[in-house]
Amino acid sequence: GEYKKAIEVAQRLVEIAPQETSRGIEEQVGPLENSPDVLLYLGTLNKQTGNLRNAVKLFEKLFLMDPTQSPALLVQLQEVIKKDAGYGETYLLAARVFAHQKQYDPALSAFDRAIKIMPERSEEINLRAAQVNYDMGRADRAVEIYQGLLAKTKDRKVIYRLIKKTKDDYLKRKIETIKGDGERERLDRAAVYLMMDRLPEAEKELKFVP
């Protein structure tokens with residue numbers, strides 16, 4: 001009830017003074033800003049009044065608070081892009097929201113666009129893109145991105161750890177998919193264990209007697 005009243009007040013203020021609306025409304029509903037409904041309204045209001053950067057900040061806050069708002073956020077972010085296609089943070093947030101929705105291809109496209117606009121943040125964005133590739137089952141592409149970052153990054157140890165973790169996680173998933181105790185399955189599991197440097201498990205598979 002309190003949130004709805006705040007939004008109703010905000011709507012009346014918009015009707016009375018649309019040009020002064022953004023700051024005044026945020027002052028009116030500021031104490032309630034931790035409500036997802038209020039954050040969505042404030043972000044939409046900032047978008048409508050041309051304060052696009054503040055709108056994106058509010059949409060990001062909403063996404064972190066309540067990821068279930070992702071469908072509504074994607075609609076709002078697309079509208080922000082229509083108003084200003086050159087603000088990289090919009091694409092970066094859209095990519096994160098797409099990824100949360102498991103819409104991986106649009107997420108990667110948005111990351112690519114963000115890198116073109118903000119090349120100085122390419123390392124950070126590529127790290128996020130690598131994770132999305134891994135989540136969509138493309139561990140080889142994730143490792144390829146990490147390897148490409150090795151020549152550019154200041155902290156190579158972090159990248160090496162990410163490469164190792166990605167490979168280990170992928171191989172663990174691979175093991176889980178190989179079911180059965182036939183010769184073919186045992187050989188496949190042994191090969192994966194060898195790639196993971198888990199020699200005892202590999203030997204056990206090779207010595208298995210049904």
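The values are calculated or read from the model by the stated rules, or taken from the named source; none is laboratory data. Here the structure is a predicted model, which is why all the values come from computation and not from measurement. When we count neighbours, we look across all protein chains shown, and the Cβ atoms used for this are built from the backbone with ideal geometry, even at glycine. These area figures cover heavy atoms from the full protein model, side chains too; ligands, DNA and RNA do not enter into them. Shrake-Rupley method; radii C 1.70, N 1.55, O 1.52, S 1.80 Å.
Observations on the model:
- Filter on Lys179/Lys204; Lys57/Lys83; Lys47/Lys102; Lys165/Lys207 - keep pairs with C-alpha separation over 21 Å: Lys47/Lys102; Lys165/Lys207
- Reference-scaled alpha-carbon Rg (2.2 N^0.38 Å with N residues) for segment 153-210: 1.39
- Accessible surface, 1.4 Å probe, highest first, among residues Thr177, Thr49, Thr166: Thr177, Thr49, Thr166
- For the residues Lys172, Lys47, Lys57, a 1.4 Å probe over the protein chains yields an accessible-area ranking, largest first, of Lys57, Lys172, Lys47.
- Rounded percent of accessible protein surface that carbon and sulfur make up, segment 51-91, 1.4 Å probe: 52 percent
- Shown in residue order for segment 111-128 are the 3J(HN,Hα) couplings computed by the Karplus curve 6.51 cos²θ - 1.76 cosθ + 1.60 at θ = phi - 60°: 4, 4, 5, 4, 5, 5, 7, 10, x, 5, 10, 4, 5, 4, 5, 5, 4, 5 Hz (x for Gly and Pro).
- The figure for Lys164 is an accessible area of roughly 130 square angstrom, using a 1.4 Å probe on the protein chains alone.
- Probe 1.4 Å - accessible area at Tyr193, Å² to nearest ten: 30 Å²
- Net charge in the neighbourhood of Arg53 (other residues with Cβ under 12 Å of its Cβ; Lys, Arg +1, Asp, Glu -1) is 0.
- Solvent exposure, largest accessible area first (probe 1.4 Å, DNA, RNA and ligands not counted), of Lys167, Lys102, Lys154: Lys154, Lys102, Lys167
- Each residue of segment 40-50 was assigned a 3J(HN,Hα) from its phi angle through the Karplus expression (A = 6.51, B = -1.76, C = 1.60, θ = phi - 60°), giving 4, 5, 5, x, 4, 5, 4, 4, 5, 9, x Hz with x at Gly and Pro.
- Per residue, the convex hull spanned by the alpha carbons of segment 53-106 comes to 65 Å³.
- In segment 67-179, the ratio of gyration radius to Kirkwood radius, Rg to Rh, stands at 1.03 when only Cα atoms are counted.
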